[in-house]
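Single-structure report; data block below.
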Protein chains: 2
Amino acid sequence: MKRHQVTIVDIARELQLSKSTVSRALTGHPSVNATTRQLVLELAEKLDYQRNMLAIGLITRKTNTIGIIVPEFTSSYFPTVTIAAQEEAGKAGYNTVICQSNERYETEVANTKVMLANQVDGLLVSITKETRNFDHLKIFQRKGIPIVFFNRVCDEMDAPKVVVDDYDGAYRVVSHLIERGRKRIAHLSGPPSLMISQKRLNGYKAALRKNNIEYDESLVIPYDLNIDMVHIYVNHLLNLPAPPDAIFAISDPTAIETIQVIKKRGLKIPEDIAVTGFSNDFASSLIEPSLTTVSQPVKEIGKTAAQLLIDQINRDVSEWKNIIRVLKTELIVRNSS
Amino acid sequence: MKRHQVTIVDIARELQLSKSTVSRALTGHPSVNATTRQLVLELAEKLDYQRNMLAIGLITRKTNTIGIIVPEFTSSYFPTVTIAAQEEAGKAGYNTVICQSNERYETEVANTKVMLANQVDGLLVSITKETRNFDHLKIFQRKGIPIVFFNRVCDEMDAPKVVVDDYDGAYRVVSHLIERGRKRIAHLSGPPSLMISQKRLNGYKAALRKNNIEYDESLVIPYDLNIDMVHIYVNHLLNLPAPPDAIFAISDPTAIETIQVIKKRGLKIPEDIAVTGFSNDFASSLIEPSLTTVSQPVKEIGKTAAQLLIDQINRDVSEWKNIIRVLKTELIVRNSS
DNA sequence: CTGTTAGCGCTTTCAT
DNA sequence: ATGAAAGCGCTAACAG
């Protein structure tokens, strides 16, 4: 079946008006006769007329669309941030195009091409664990399209960034473990390429130092966030001559997997070993034992990122500033520690 | 900062070529000199040239974009379906625009306008619990834009639909409860406007009938899927003079909430009362006790829906057929029953 | 208040 | 193998 599009011309012809008048009526321009406008609007409604945003975008060089690129949709974190950002953008009259990179650098690059080709007015990004080269993102700034990072930010680019205080969150959850008498605290860390990995690791180290616990490198395992590998690392830790009495996992999915491995070995949580996570995913309150974790203001992150982006779009600035918004975390103590 | 767009004209001028030649080189048209093509491609790469899809869409009347509208992103179901559909569409060269209606009819209507304005080539929809009028969706077919429904389908429209066998899934999980000796099985049902509610309810009724258990209307509570209300219904059921010995919840989130309410009352699951869900959400294996549920081939649903849609787009048919793809469910018995 | 003209960036005839 | 011209649907000057 052929696609039929109702255009301004159709309405103009029917009503014996000029295209411009119809256009003006449709866009709510004040300088148009009330009855004329009424007539146009009614006919448009009747014909299911929809403005062709392609044409408008072409001419105004604005699509009122923002793009969001996220690495994954498996935990509740990114869906929630995305939805919050979308809602906030919607309030400002922006549509949202979402792409997920599936934690692959190549896919992320492809995603940016799509965004560019579709002329997004701005981009929200959380990079993959593989991303080390940022040329594909720098293109946007070179073209004058604002970028805002969140969660997984790019340190070498000047752009607004929305993060939580990872250092502080890690510091507090590890301090909490120490307060509960834990002495050998292991850390399942993330890829060193990600800032969040580094910051959480630093928070961990700082808490140990502050409490005069010596840092034991053999208790820190950086991994690539591939959940299927967690059981290997956890078992490795438990098989150590001096196994840890607590594991601080970099994320809730990691912690949840850790709990399951530990339970499978017949050990008791938290009696034999405590486990903590990071993010307060939906599932963390459901698992048995419920997970002690650091909650992030997830919706707030999405909202803030969207606001910053729209701000940039409207501001029409000539320079990219390194605005960093650090949101607060909260320690949620449950039964796993 | 002004937006700078590199255009074909820029390349043409630089290379002393005509626009047409550059365009042909860029689109891989065969009738263009190999060296010329090479030259064009290199310069395009160097200048970060990206084809303006707005212009192309305007002229070809095709955007290579499909739209997806889903009611929510809170459980793992819709994110997973969406991602699977997006991947499948990507393979066929289609981009994806995702909107969520937040279970609101008004928002869904607004979403369809956006899709129309952005000239999507096809639409994937799962309707809200409120949607009773389908005019906003019928417009698409009238304009020649294919629609495919999944999960929450519209019965009164002729269009491809991807569903699971809700009746059968419900029948089997209820039969399972009966096998385990349950006699008074309550059902937390969904809004009657949704086909899935009706089908699951019918499966429930059929299983009772088959096992000569009388249908007791007071044990069936249709609710609007607002999770915050679940505790009221569960408590109501538990306070009945003859309380149920099992609750079949229409969805996993409902079941999980149900479990928590029951646990809070100090009752034992499944000894005092069994609970089952529907969908096999990620969280259902984590909760204590783990949830007996009906698993759906979620990725398969997204993939199939995308395939059907792209099929329709390419087929250029003049009529909308009521193709219904019914995917199989699987009973997952865990510890809650 | 309304009409006319030009043109956004690109593909697509139709020429050469 | 390349070029020239027309036009997708719309808005934005510039006129009246």
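Just so you know, all these numbers are worked out from the coordinates, no wet-lab data involved. Just so it is clear, the model here is predicted, and its values are computed rather than measured. Every residue, glycine among them, receives a Cβ derived from its backbone with ideal geometry; neighbour counts consider all protein chains shown.
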Inter-centroid distance (Cα atoms) of region A:285-337 relative to region B:278-337, Å: 32
Unit charges at the beta carbon, dipole of region A:8-51: most positive-side option, A:39, A:15, A:27: A:27
Virtual spin-label span in nm between residue B:14 and residue A:240, 7 Å along Cα→Cβ: 5.5
Karplus-derived HN-Hα couplings along region A:166-179 (A = 6.51, B = -1.76, C = 1.60, θ = phi - 60°), whole Hz, x at Gly and Pro: 4, 4, 5, x, 5, 4, 6, 6, 6, 4, 4, 4, 5, 4
Global form of region A:269-337, assessed from the alpha-carbon gyration tensor, a/c cut-off 1.5: prolate
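With a cut-off of at most 15 other beta carbons within 10 Å, and DSSP calling the residue loop, which GluC sites (Glu not before Pro) in region B:252-337 qualify? Please list them. It would help to have the intermediate numbers written out before the result.
Working: sites: B:257, B:271, B:300, B:319, B:330; in loops: B:271, B:319.
Sparse-neighbourhood loop GluC sites (Glu not before Pro): B:271, B:319.
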B:172, B:182 arranged by Cβ crowding within 10 Å, fewest neighbours leading: B:172, B:182
Nm distances between copies for residue B:216, ranked from closest, using label points 7 Å along Cα→Cβ: 5.8
Overall form of the protein assembly as shown per C-alpha gyration tensor (a/c, 1.5; a/b vs b/c): oblate
Residue with peak Gaussian network fluctuation, chain B [Cα springs, cutoff 10 Å], from B:27, B:65, B:82: B:27
Residue of chain B nearest the B-to-A rotation axis [by Cβ], rounded angstrom distance: B:288, 2
Of A:159, A:110, A:25, the one that fluctuates the most in a GNM where chain A has Cα springs shorter than 10 Å: A:25
7 Å along Cα→Cβ, label-point gaps from residue B:267 to other copies, nm, shortest first: 3.7
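For chain A, what does -39500 (n - 2.57) per DSSP helix run (n ≥ 4), summed and divided by total residues, give at 222 nm, in deg cm²/dmol to the nearest 500?
It comes out at -13500 deg cm²/dmol, rounded to the nearest 500.
Taking neighbour counts of Cβ atoms within 10 Å as a proxy for exposure, in what order, fewest first, do B:134, B:149, B:73 appear?
Numbers: B:134 15, B:149 24, B:73 21.
Result, fewest neighbours first: B:134, B:73, B:149.
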Residues in region B:319-337 that a label on residue B:179 would reach, taking backbone N under 20 Å of a point 7 Å out along Cα→Cβ: B:328-337
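Nearest 0.05, what FRET efficiency do residue B:59 and residue A:300 give at R0 = 45 Å with Cβ-Cβ as r? Mind showing how you got there, number by number?
Working: r = 42 Å, r/R0 = 0.94.
Once the sixth-power term is evaluated, E becomes 0.60.
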Residue of B:173, B:234, B:164 that the Gaussian network model of chain B assigns the largest fluctuation, springs spanning Cα pairs under 10 Å: B:234
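Of A:205/A:299; B:62/B:161; A:46/B:299; B:210/B:299; A:62/A:113, which sit over 27 Å apart, Cα to Cα? Please list the in-between numbers first.
Values: A:205/A:299 29 Å; B:62/B:161 23 Å; A:46/B:299 39 Å; B:210/B:299 32 Å; A:62/A:113 17 Å.
As for pairs spanning more than 27 Å Cα to Cα, those are A:205/A:299; A:46/B:299; B:210/B:299.
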Distances in nm from residue B:62 to the matching label points in the other copies, shortest first (labels 7 Å along Cα to Cβ): 3.2
Hz values of 3J(HN,Hα) by residue in region B:111-121 - Karplus curve (6.51, -1.76, 1.60), Gly and Pro given as x: 4, 5, 4, 4, 4, 5, 4, 8, 6, 4, 7
Environment charge at residue A:165 (Cβ cut-off 15 Å; Lys +1, Arg +1, Asp -1, Glu -1): +2
Over chain B, volume per residue of the alpha carbon convex hull, in Å³: 169
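Between residue B:31 and residue B:158, what is the FRET efficiency for a Förster distance of 60 Å, r being their Cβ-Cβ separation, to the nearest 0.05? Spell out each step's value before the answer.
Values: r = 43 Å, r/R0 = 0.72.
After rounding to 0.05, the efficiency reads 0.90.
Using only the C-alpha atoms of region B:257-304, find the volume of their convex hull and express it per residue in Å³. Before the final figure, lay out the partial values.
Working: hull volume 3.0 nm³, N = 48.
Normalising the Cα hull of region B:257-304 by residue number yields 63 Å³.
Taking the beta-carbon count within 10 Å as an exposure proxy, list A:76, A:218, A:197 from fewest neighbours to most.
Numbers: A:76 24, A:218 12, A:197 20.
So the residues, fewest neighbours to most, are A:218, A:197, A:76.
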Cα gyration tensor shape of region B:166-295, rounded if a/c is under 1.5, else prolate or oblate by comparing a/b with b/c: rounded
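If you take every DSSP beta bridge whose two residues both sit in the protein assembly as shown, what share of them, in percent to the nearest 5, is antiparallel? Numbers along the way, then the final one.
On the way: 7 of 69 bridges.
Given both bridge residues lie in the protein assembly as shown, the antiparallel proportion sits at roughly 10 percent.
How high is the FRET efficiency from residue B:206 to residue B:47, r the C-beta distance, R0 45 Å, rounded to 0.05?
Numbers: r = 65 Å, r/R0 = 1.45.
That gives a FRET efficiency of 0.10.
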